[in-house]
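Data block below; observations after.
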Amino acid sequence: MIRESVIREPLIREPVIREAALVEKYGVSRGTVRRAVRELETVGHVEARHGVGRFVNSPP
């Protein structure tokens, strides 16, 4: 669920939805959202830019 919200095609190169919004939308803890976004970073769907934020990547 979180994965689909974060990596929808029209959002490529756009900032990732804020953690607080994902927590509210899915009714999960902040830790769960962080873990999910971190997993998306690991597989290349999300790119973290220091001091700027996280952005949706095109699928690897």
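The values are calculated or read from the model by the stated rules, or taken from the named source; none is laboratory data. Note that the coordinates shown come from a computational prediction; the quantities given were computed from them, not determined experimentally. Glycine also receives a Cβ, built like all others from the backbone with ideal geometry; neighbour counts cover every protein chain displayed. Keep in mind that these areas ignore ligands, DNA and RNA; they rest on the heavy atoms of the full protein, side chains included. Shrake-Rupley method; radii C 1.70, N 1.55, O 1.52, S 1.80 Å.
Name the one entry in 4, 39 that is farther than 13 Å from residue 58 by Cβ, modelled with pLDDT under 85 and assigned to a helix (DSSP H, G or I). Let's see the steps before the verdict.
Numbers: 39 fails: modelled with pLDDT under 85.
The match here is 4.
Assuming residue 20 fulfils every condition listed in (1) modelled with pLDDT under 90; (2) part of a helix (DSSP H, G or I); (3) not charged (D, E, K, R) apart from one, which condition is it?
(1)
Which of (1) at pLDDT below 90; (2) open to solvent by less than 100 Å² (accessible area, probe 1.4 Å); (3) outside any helix (DSSP H, G or I) is the odd one out, the single condition residue 13 does not satisfy?
Unmet for residue 13, out of (1) at pLDDT below 90; (2) open to solvent by less than 100 Å² (accessible area, probe 1.4 Å); (3) outside any helix (DSSP H, G or I): (2).
Report every pair of residues separated by at least 6 positions or lying on different chains whose Cβ atoms are under 6 Å apart, first residue within the range 32-60 and more than 14 Å from residue 18 (Cα to Cα) and open to solvent by 30 Å² or more (accessible area, probe 1.4 Å), second part of a loop (DSSP other than H, G, I, E, B) and β-branched (Val, Ile, Thr).
The qualifying pairs are 58/12.
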